[in-house]
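Asks: Here it is: the structure, laid out below.
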Amino acid sequence: ENDKFKVNHTNIEFSETEILKLLENHPEKFSPNVIMRPLYQEVILPNLCYIGGGGEIAYWLELKSFFAAAKVTFPMLLLRNSVLLATEKQVKKADKLALSWEDLFLKQALLINDKTKQLSGFPIDLDNLKQQLKLQFENLYSLASQTDESFLGAVKAQEAKQTKGLENLQKRLLKAQKRKLSEILHRITDLQNELFPNQSLQERQANFSEFYLENGENLIPMIINQLKPLENKFEVIIL
């Protein structure tokens, strides 16, 4: 905050230089927790290869120079598959809403904007009007070049004002269409929220027991039969 490192709920703060000096002179005052854990793990029980999800692999890659500085062998990293479990009912909902899996994997704001534009009977983007405006001002610039320089400044200001006005109208038009299409957009967000709880991967949020209680002991063999964990793919399994 304000180029300072602060300790919550205290008046203690450091500049970057101060905190690096403190780390150098008094490392015992810093908790190693998550940063040191992988290094400690590899020292006491070395691994040839570490298999993990996307987030875990990204985290390990940040530690490569740390391992090199400590002269500890860095393990090979292997990305495992990720899985999304969906029901037949959810697949039917997606079909009815004309949603592909590519759509459902989008960020929700982008998905809603895209679907609003697709469902509207007219273009939401005012790019054509922006292009027409640009051409009109090109003529004005040509005229402005033949007169006093103060007129050129007025033309530039007016162009910026009208361009901004079109951009604001485009945003308001999109917002108005979202209100008009609110019922179907609500159904789209509901379905995406079922498949991606808290706008995160299902495997990070949902408990396996939820699916086991619903599908019984056949669930595990079904997943084993369909899953090839080292193919570097995101599997969608229909229950």
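Asks: Where in the stretch 127-216 are there helices (runs of 4 or more DSSP H), lying fully within it, with 3 or more residues that are modelled with pLDDT under 90?
Replies: 127-144, 149-180, 202-205, 208-215
Asks: Which of the residues that make up the stretch 1-10 are polar (S, T, N, Q) and either assigned to a helix (DSSP H, G or I) or at pLDDT below 85 (or both)?
Replies: Asn2, Asn8
Asks: What are the residues in the stretch 22-55 that are modelled with pLDDT under 90 and charged (D, E, K, R), if any?
Replies: Scanning the stretch 22-55 gives Glu24, Glu28, Lys29, Arg37.
Asks: Working only within the stretch 71-93, note down all residues that are loosely packed, with under 14 Cβ neighbours inside 10 Å and more than 30 Å from Phe211 (Cα to Cα).
Replies: The answer is Lys71, Thr73, Met76.
Asks: Taking only the stretch 96-139 into account, find how many residues are over 23 Å from Leu169 (Cα atoms) and of a type outside the set (Asp, Glu).
Replies: Adding up the residues that qualify gives 11.
Asks: Still on this structure, please answer the following. I'm checking my understanding of the structure. Among residues of the stretch 114-155 that are among the charged types (D, E, K, R) and exposed (fewer than 14 other Cβ atoms within 10 Å of the Cβ), which one is farthest from Leu185 (Cα to Cα)?
Replies: Top of the filtered list is Asp148.
The values are calculated or read from the model by the stated rules, or taken from the named source; none is laboratory data. The structure presented is a predicted model; accordingly, all values stated were derived computationally and were not measured. Glycine gets a Cβ as well: all are built from the backbone with ideal geometry, and neighbour counts include every protein chain shown.
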